[in-house]
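The values are calculated or read from the model by the stated rules, or taken from the named source; none is laboratory data. Source: prediction; values computed, not measured. In this analysis, Cβ positions are derived from the backbone assuming ideal geometry, glycine residues included, and neighbour counts consider all displayed protein chains. Heavy atoms of the whole protein, side chains included, go into the accessibility calculation; ligands, DNA and RNA do not. Shrake-Rupley method; radii C 1.70, N 1.55, O 1.52, S 1.80 Å.
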Amino acid sequence: MPKIVDHDQRRVELVDATWRIIAEKGLDGATMRDIAAEAGFANGALKPYFPTKDRLLDFAFEHIFAQTNRRMEEATSGRSGRDAVRAYCHEILPLDDERLNEARVAIAFWQKALQDPAKAAVHDRSMEQWRASLGQLLISAGYRGNDLENALGAVMDLVLGAQITATLSPAHHSPDKLIAQLDTLLDALI
């Protein structure tokens, strides 16, 4: 009897392996062979799921975005005001190893998106979704300014920029420092 394979689960396993390899070797150093080996698959087993490393990176970014959205929904459930804004932002900030690895994949995706309009469009759609949700949270938290667009920009710049700074210089951008920076910004806004 043929083995039943959960193809969705296999894709997720490959994404998890991708994160680990990119974290260890960087995007350019990550090969499909390395990713397959890390996931426990033969190199040829990747081709039906991801014919290229580029397509694997696309799926990894989309998976990270969906995973972050799930965490944000769970983190903000039953919360309101500033507490909800903080919980939402904490799920984007690289505050633990999982989110730091997600940041590494996002950075690799952004690097590719600079030259690929389709990737840039995926990123734009994702960020517009976050901006809309964050804007609603800021308003419900009592945003006291008169320029919500700039306030959203400041918060998004902090949480997305933190993905780069925490990856490149973690000693200066520890989780405690990132949370303190977020709180300083929120103090000015709500």
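Just a yes or no: is a residue in the range 116-125 over 18 Å from E62 (Cβ atoms) and either modelled with pLDDT of 95 or more or open to solvent by 40 Å² or more (accessible area, probe 1.4 Å) (or both)? Taking every residue of the range 116-125 in turn, none turns out to be over 18 Å from E62 (Cβ atoms) and either modelled with pLDDT of 95 or more or open to solvent by 40 Å² or more (accessible area, probe 1.4 Å) (or both).
Could you go through the range 59-69 and let me know if any residue there is in contact with a Ser or Thr (Cβ under 6 Å, 6 or more places away or on another chain), part of a helix (DSSP H, G or I) and open to solvent by less than 80 Å² (accessible area, probe 1.4 Å). Checking the range 59-69: at least one residue is in contact with a Ser or Thr (Cβ under 6 Å, 6 or more places away or on another chain), part of a helix (DSSP H, G or I) and open to solvent by less than 80 Å² (accessible area, probe 1.4 Å).
Does A120 qualify as being within 30 Å of A30 (Cβ to Cβ) and over 13 Å from the mean Cα position of the chain (by Cα)?
Values: within 30 Å of A30 (Cβ to Cβ): yes; over 13 Å from the mean Cα position of the chain (by Cα): yes.
So A120 fits the description; yes.
If I filter the range 134-190 down to residues being assigned to a helix (DSSP H, G or I) and charged (D, E, K, R), which single residue comes out as farthest from R104 (Cα to Cα)?
Looking at the filtered set, the residue picked out is D187.
Taken over the range 74-104, the residue count meeting the criterion of being of a type in the set (V, I, T) and either open to solvent by 60 Å² or more (accessible area, probe 1.4 Å) or outside any helix (DSSP H, G or I) (or both) is 1.
A count restricted to the range 141-190 and to residues that are open to solvent by 80 Å² or more (accessible area, probe 1.4 Å) and in contact with a helix residue (DSSP H, G or I) (Cβ under 8 Å, 6 or more places away or on another chain) stands at 2. Of everything in the range 8-35 that is surrounded by 20 or more Cβ atoms within 10 Å (Cβ to Cβ) and of a type in the set (G, A, S), the residue that is farthest from W110 (Cα to Cα) is A17.
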